[in-house]
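The values are calculated or read from the model by the stated rules, or taken from the named source; none is laboratory data. Here the structure is a predicted model, which means the values were calculated and not measured. All Cβ positions, glycine included, derive from the backbone under ideal geometry; neighbour counts span all protein chains shown.
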């Protein structure tokens with residue numbers, strides 16, 4: 001099985017929870033992260049102030065946030081080919097877990 005090796009080389013904040021991400025092969029993806037912002041790591045990023053503190057970590061070549069949330073560059077690269085939708089589906093499960101534990 002072959003694993004794509006791709007790095008994030010740049011990004012730009014283009015809207016609420018939305019980044020234009022550039023990869024080392026020159027491709028760009030505009031990604032709306034809002035559907036996946038649930039759970040322990042991604043949930044805090046619903047705070048726009050925290051989300052906007054995103055930075056590019058040159059050592060691991062991906063986007064990272066101050067709370068240590070990050071995304072695999074390959075996931076970002078393939079976001080529009082279903083990986084974003086799959087992650088959003090899992091995020092809904094995280095949200096359900098969060099809601100159930102806070103109502104208990």
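If you take the residues of segment 62-85 that are outside any loop (DSSP other than H, G, I, E, B) and out of contact with any helix residue (DSSP H, G or I) (no Cβ under 9 Å at 6 or more places or on another chain), which of them is farthest from residue 22 (Cα to Cα)?
81
Of 32, 68, which residue is touching a strand residue (DSSP E or B) at 6+ places or on another chain (Cβ under 6 Å) and either closer than 15 Å to residue 87 by Cβ or loosely packed, with under 15 Cβ neighbours inside 10 Å (or both)?
Answer to the check: 32.
Residue 26 passes all but one of (1) exposed (fewer than 11 other Cβ atoms within 10 Å of the Cβ); (2) on the phi > 0 side of the Ramachandran plot; (3) in contact with a strand residue (DSSP E or B) (Cβ under 7 Å, 6 or more places away or on another chain); which number fails?
Residue 26 satisfies every listed condition except (3).
Quick one: which residue in 77, 17 is surrounded by 13 or more Cβ atoms within 10 Å (Cβ to Cβ), on the phi > 0 side of the Ramachandran plot and at pLDDT 95 or above?
On the way: 77 fails: on the phi > 0 side of the Ramachandran plot.
When all the criteria are applied, what remains is 17.
Within segment 35-55, track down each residue that is at pLDDT 95 or above and surrounded by fewer than 17 Cβ atoms within 10 Å (Cβ to Cβ).
Residues satisfying the conditions are 44, 46, 47, 48, 49, 50, 52, 53, 55.
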